[in-house]
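Below: one structure, written as structure tokens.
The values are calculated or read from the model by the stated rules, or taken from the named source; none is laboratory data. Please read all numbers here as calculations on a predicted model, not as lab measurements. Backbone-built Cβ (ideal geometry, glycine too); neighbour counts: all protein chains shown. What goes into the accessible areas is simple: the full protein's heavy atoms, side chains included, and nothing from ligands, DNA or RNA. Shrake-Rupley method; radii C 1.70, N 1.55, O 1.52, S 1.80 Å.
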Amino acid sequence: MVGFLLMSHICLAQIPVSKEPRHHDILDNSHVRLLDVHIPAGDTSEFHIHQTPSVFIILKNVKTGSEVISEEDHTNSPIPHFDNIWFEGFYEKPRIHRVWNSDQEEFHVMDIELPNKNFKNLGPPIPQKAFAFLFDEKPVRAYRLHMEPSSTISLPVMNADVLMILLSDSAESMHINNKIFYKKGDFLYVSFGQELHFINGGKAKAEFAFFELK
């Protein structure tokens, strides 16, 4: 009976992360499935499975916990974290878990699933000083972009699709290719073959997660 209940418990956990109700699918194409995750204070997600290579970005960090049924053992190879941004491949084993928020504020995360397997060669990293290189993995190359107040940056025609996510509140002063960014989590997806033009017209720095998608 115990074994039966355990197997039933595990079977119920096979909900793909994109179907978990607190993970909101806000962009879905051949390169990216962007999940905007909101777990209210005191709430717990359903059990769900991560099995697609993914980047995670914490936009609002609070006290959380996780009950894990299955995941890779990273004891001898810890996952590199770049402050609030990191990559997990899930190449050997998926993670099946649920997450709870034990704090008084909402837990806000971006889960960027990267389903594409037809990778391309991106060439050398972006050399401009404002782009701080983070990591280069099979499906993605990542940077942290720092925009100084009252500054502009332009990039030539991009060789890859690009995803940009705002990490700081911009007070409507930040524009990329005529898109206005208002708050943390605002994003822009740009297909390859386009130039990029950044304008920070405000008096505060703006910070982005910037991804070249292979």
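Distance check, please: which entries in K63/K183; K179/K205; K60/K179; K60/K117; K129/K214 exceed 26 angstrom between their Cα atoms?
Numbers: K63/K183 22 Å; K179/K205 17 Å; K60/K179 23 Å; K60/K117 31 Å; K129/K214 22 Å.
Where the Cα-Cα span goes over 26 Å, the pairs concerned are K60/K117.
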- prompt: F133 accessible area, nearest 10 Å², 1.4 Å probe?
  reply: 100 Å²
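Around E148, what is the net charge, scoring Lys/Arg as +1 and Asp/Glu as -1 over all other residues with Cβ under 11 Å from its Cβ? Each step should come with its number before you reach the end.
Working: positive: K129, K203, K205; negative: E207.
Once positives and negatives cancel, what remains is +2.
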Accessible area (Å², 1.4 Å probe, nearest 10) - W100: 90 Å²
message: Could you sort Y143, Y189, Y182 by their accessible area in this structure, using a 1.4 Å probe and putting the largest first?
response: Y182, Y189, Y143
Net dipole in debye of the chain [+1 Lys, Arg Cβ; -1 Asp, Glu Cβ; about Cα centre; nearest 20]: 440 debye
- request: Quote the accessible area belonging to R141 in square angstrom, nearest 10, computed with a 1.4 Å probe and with ligands, DNA and RNA left uncounted.
  value: 10 Å²
task: Order the following by accessible area, largest value first: I199, I57, I15. Probe radius 1.4 Å; ligands, DNA and RNA are ignored.
output: I199, I15, I57
message: Between region 165-202 and region 96-129, how far is it from one alpha carbon centroid to the other, in angstrom?
response: 18 Å
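What number comes out for the charge environment of W100, summing +1 per Lys or Arg and -1 per Asp or Glu over other residues with Cβ under 14 Å away? Numbers along the way, then the final one.
Working: positive: R22, K63, R98; negative: E20, D43, E46, E67, D103, E105, E106.
After counting each charged neighbour, the total is -4.
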query: For the chain, what relative contact order do you get, as a whole percent, if you take Cα pairs closer than 8 Å and at least 6 residues apart?
result: 19 percent
Cβ-defined net charge surrounding I69, 10 Å radius [Lys, Arg +1; Asp, Glu -1]: 0
